[in-house]
Structure formats: C-alpha cells, structure tokens
1. Can you name every residue in region 516-547 that is touching a strand residue (DSSP E or B) at 6+ places or on another chain (Cβ under 6 Å), surrounded by fewer than 24 Cβ atoms within 10 Å (Cβ to Cβ) and not in a helix (DSSP H, G or I)?
2. Here are some conditions: (1) at pLDDT below 80; (2) more than 29 Å from GLY640 (Cα to Cα); (3) of a type in the set (A, V, I, L, M, F, W, C); (4) open to solvent by 10 Å² or more (accessible area, probe 1.4 Å). ALA88 meets all but one. Which one does it not meet?
3. Any idea how many residues of region 454-468 are assigned to a strand (DSSP E or B), touching a residue at least 24 places away in the same chain (Cβ under 8 Å) and over 41 Å from the mean Cα position of the chain (by Cα)?
4. Residues of region 469-483 being among the hydrophobic types (A, V, I, L, M, F, W, C) and either open to solvent by 40 Å² or more (accessible area, probe 1.4 Å) or assigned to a helix (DSSP H, G or I) (or both), which ones?
5. Restricting to region 354-392, and then to whatever is closer than 17 Å to ALA442 by Cβ and in contact with a Gly (Cβ under 8 Å, 6 or more places away or on another chain), can you tell me which residue is most open to solvent (accessible area, probe 1.4 Å)?
6. Return the total of residues in region 58-85 being touching a Gly at 6+ places or on another chain (Cβ under 8 Å), closer than 18 Å to LEU624 by Cα and modelled with pLDDT of 75 or more.
7. I'd like the full set of residues that are of a type in the set (Gly, Ala, Ser) and within 20 Å of ILE424 (Cα to Cα), limited to region 340-374.
8. Quick check on my filter: what residues within region 256-307 are in a helix (DSSP H, G or I), surrounded by fewer than 16 Cβ atoms within 10 Å (Cβ to Cβ) and polar (S, T, N, Q)?
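The values are calculated or read from the model by the stated rules, or taken from the named source; none is laboratory data. Worth saying up front: this structure is predicted, and the values here are computed from it rather than measured. Cβ placement follows ideal geometry from the backbone for every residue including glycine, while neighbour counts extend to all protein chains displayed. Note: accessible area is taken over every heavy atom of the protein model, side chains too, but ligands, DNA and RNA are not part of it. Shrake-Rupley method; radii C 1.70, N 1.55, O 1.52, S 1.80 Å.
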Amino acid sequence: MITYSLTKPNFKKIFADHPEAVAAVTCAVLVLIGWLFLAFNWIGLALFVLPAAYAIGGYESAKEGLTTLIEEKELDVDLLMIVAALGAAFLGLWRREYHLIIDGAVLILIFAISGALEGYAMQKTNRAIASLMGLTPDTARLMLRDREKQVPIEELQIGDRLLVKPGELIPTDALIVEGASSLNEASITGESLPVEKSIGDEVFAGTINGAGALILEINQPPESSLIQRVIRLVEQAQTEAPPSQIFIERLERGYAKVIVICGVLLIILPPFLFNWDWETTIYKALIFLVVASPCALMAAIMPALLSGIANGARQGILFKNGAQLELIGKIKAIAFDKTGTLTTGKPEVTKIIPVAGVDENTVLLNAAAVEAYSEHPIGQAIVQAANDKELNLPPTTNAVARTGFGISGEIAGKQIKVGTTKFIEPEISQLSAHLPKNLVIASESLKAQGNTIVWVTSDSEVLGMIAVADTIRPAAETIVKRLKKLGLKQIIMLSGDSDRTARHIGQQLGIDEVYAELLPEDKVTVIRRLQREYQTVAMVGDGINDAPALATASVGIALGNAGSDIALETADIVLMADRLEKIMTAIRLGRRATKVIKQNIIFALFSIAILLVANFTAGINLPLGVIGHEGSTVLVTLSGLRLLRNSTR
C-alpha cells in the first residue's frame, strides 16, 4: 500500500518570511474580485472590496511615506504613489466613473508587486552570504580525560581540545595537534581543491574535514573565527550605502518636491491655459505623479551592488561595502607590499654551492642537523630543504646559537658552524683568501639578487655556502602582466627591505616603480603622492606595517589567510584564499558593476522621459502609466541581479 503524508502549510511562517509577497497576492485577489463586481455592476460590493485592496496593498508604502514625511520632513516615492492612487479613487467616486477606482487599485497592486519583487531580489542577493551562518555546527565534540562530550560552540574556551571525524565540519578556528587530513576550504576561500593539513597547521570554522580524524586545540575564541569575521564584515557592507546611492537618495528627495510642485501646477494651470476640464486635468496630474516618480532610478544601484558583493563572497573576495566594489573598477594605479604579498613571506633555500670535493647534500645535511636546534627563519628554511630531500639528519650535540650571527654544534666529533662570515672568520683567518673565486663571485651575485648567504664549516674547513631568500609567489609575475593588460597605468612595489633586494624582485616581476627601505609612514607618503597623480589607487598588503597605507589608499586589499588582524580590519577588500589573481576578478567585477549601474540609470531616466511625453501627447491612462513605471523598476532591479553570475568579462 502506498501512503501519502500531507504537511499543513505554515501560513504564519510564510507571512513572516515574505510579508510583501503575501500583501501583493492578497491585493491582487481583492482587485480581481472588485473588477468582477464592477463588471456585473455590483457597485456596492465593489466599493466594499476595493478599499480593502487599497489598505492591504498600500499599507507598507503609506507607512514608510508618512514616517519619512513626519520624521524627516521629506517627500518620497512611496507617498507620491499613494497620493496618486487615492486621487484616482476620489476622482472615480466624484465622477461616478468607478473604473478609475480600479485604476488606482491597479496602481497600488503593481507597486505592491514591485515591492515584493525587490524584496525577493534582496533576499536572493543575501542568500549566498546568509548561508555562511549555517556553515558551522551548533555543537563540537569536546575531548575530556575519560570521554567525549558534545557541547555548544559558545561554551568552548581557548585551550580546549576537539575531535573532528572524517566528513565533519570544523566547528571553530583551531590548530591541529594530532592527525593529518585534506580539508575542503571552498566555503572560506572559494577554492574547490582540497588543502592538505597536518600538525601545527591552522584550520577554519566551516571547512570540511576529509578522510583523516583530527584533534584540534582552540587558539582563539569561537566568536573571533574567520567565518564570524566574514559574516560581520558582510553585514556591515550591506548597511553602508555607497557614494552613488547616497547621491541618488539626495536627488530623490529634491526630485520628489519638484514632482509635487509640478503636479499642483498641472492641476491649476491647464484649465486656464488650455481650457481643459477639471476632471481631465486632475487625471493627467495623477498620471504625471506616477510616471515621473524616480522608483526605477532608486533601484538602479543597490540591487546591482549587493549582487556584486554576493558574487564576490562566493568567489572568496570579501567587499566590506558597496563603495569599494565601485572603486575597485576605477583604479588607475596599484601598489603592492613586497614581503608576504608578492613574495611568499617565508625564506627558502635557493642555491647550495659546495667547495670542490664536497657534494651539495653534505653541505645541506651538516647545516640542517645543527640548524634543527635553531628557531631562526633561515635555519628553519635550511631544515625544510633537507626534509624535502628526505635526508636523515645525524645527531648533534652542544648546539649553541649566537643571535644574529649563526649556530654551532658537534656532529660525530667535528665542530660544525653555520652562519655569517663574521661568525666563522675567527677560526678561518682571511676567509676570502681560503675560498675559491667561484664561491666569492657567486656569493656576491646572489647577494645582489636579494639572497642571504650562510657559510657552512667543519673543523675550520669550509664545506660550502647556502643561499636563502624570500621567494616570489609563483603567480606574481603573471598577475603583474594581467594587471597591465587590464589598463592600469602604474604598478608599484613598496618594501621595507634593502634597495638592492627590492629592485631585483621588481625587475623580475616587471614592476613599474620600486620604493625600498620604507617605514610605515613612508608607505603612506607614497600612496598619497600616487593619489594626487592617479586619483584612484589600490594598495595590497598583509602586515601590520601595511595597515596605515591600506587605510590611506582609495581601496585597501588584504590577504585573508596570511594577513595580520589589523590589516584585515583596515582593508576594504579581503582575498580569502590569499590568491593574488583574485585581484583581477575583483577589478572586472567592479567594472561590470559600474557598467550595469550606468545602464540602469540611463534606462530609468529614458523610461521616465518616455512616459512623461506619452502622458501629454498620447494621452495614456493610469494603468498604462503604472505598468510602464513599475515595469521599468522591475526590469532595472532584475538587471542588477545579472551580477550574481560568475562571469566577470
């Protein structure tokens, strides 16, 4: 036997979630019933039903219009529509031409439908962002001494250890203390490829664990997790109006006053100037109020910008407000921080040059065995290079580090030193005289390229040298070329590093101008000079020392994963995946948003002009005026939703 289960609709929830749609549908039903009553000449019933349609369909508009009038002493579009509809109703009663009451009701209905569609459009643009709220579980599996316990996320504290099984969501930002796995970070970074994580790596709330079980240790409060910061920033972006929207809103207030004055003049003057009868004059004045209202103009900007913000969030680009989406498409110059932005920010071994009779692995093996006892980034880079080659490090004893110079230790009874020339020179007098010329020449050449040279000795005998440098990001050169193809006039690099190192990296990348040995305030000075020359300038950075320049630039762009907290808070745009190529996506999205907004504004103004001309030349009636006016508003709103598509061409 087949059984069916019917679920009773939750009308209370439907009304709470979609009040504009419910009001529009109810108004439509009442208008249809009223029209049928009039068709059968049941005037009394029609006059009973149609006021209900006016009240239900026009309640929100009347409320908003009167609130604006009373509190702000300003006229707005909502009040103009209500006045026009009520004017048509009173004119119909006066002339006993009850179809005018239907005309007014249709105006209310189409305005209500337009409001419902705009509400739907806003919900659609918010959906991608609102889904972030559901990315994290409500509870986490807390590890206690003798058992596991499911606890609410808000009860977790720094230092707590959590167990995350394969396939589960990471409940909050934490560090891996046991286990290894691949994680799907698409919800945070927009990248679909899994990321390998192991002990010591940070994981983010809302990402999906792969095949391995993980034990995590919480290193920050759950409310400070990356995804919570994203949600707060996006909410902020939705509440802040961009300059273009502020301008349109100011224009609308003055425009509404002009429309009302013109409407009053249209009621008073035509009977004396053109011998129109009063009914015709009032009717045309009502149509004028409808078609001249700037609804489409008001809808030309925010739906487009909110759609662009949602699109960016889906691709791992977080715009903090709509103004920055507009500005990023207008930038003429862009400045990059060097370390951690154009470069990886982590030193790596770039070259190993042994003396004659010694192989590279011997140099690296001895250096790494001693540097394993050092916490210096250069030492860690040498150890990592040995690990990459899967070298088995011999045991080291009596390791002693000398800050800023190097480290020494004993391996198999031999004294190994790793460090600068000053560190190893006491045992090797006139070091340069004991070195082959090829090593001396190579070391100078590598220094000129921005490398740090580390010498390795064994019992006062030089084994060779290791060059370590902060390497360029793999995609950096391609990004610079693509930015130039996009038409940017100037690409600049700012660095606190030495002039020689910075210029070498700048030449490799094809940077137009390089500024080196800069303090944070120096970076601000450079950004201000660029703004005087190019007006709209972007700054890309990740560190604390970049924060002042990020705040000064027209558009500040920070790297989400690598960036410091202050850089993330200061920047206007955050690249969640730390992928610089997303800058091109952001620029294209900003340019596309600007293009769509311009198209919408031109279409809105053209529609108003056509309807105004038609009112006084073709004699359109109120329903046609309403359809033309509200139809253009709906089209402009739907046009803005085009930015939800991922295409940024």
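1. LEU518, the sole residue that qualifies.
2. Only one criterion in (1) at pLDDT below 80; (2) more than 29 Å from GLY640 (Cα to Cα); (3) of a type in the set (A, V, I, L, M, F, W, C); (4) open to solvent by 10 Å² or more (accessible area, probe 1.4 Å) is unmet by ALA88, namely (4).
3. Qualifying residue count for the region: 10.
4. Result: ILE472, ALA476, ILE479, VAL480, LEU483.
5. Filtering first and then ranking leaves GLU360.
6. Count: 2.
7. ALA356, ALA367, ALA368, ALA369, ALA372, SER374
8. THR280 - this is the single residue of region 256-307 that is in a helix (DSSP H, G or I), surrounded by fewer than 16 Cβ atoms within 10 Å (Cβ to Cβ) and polar (S, T, N, Q).
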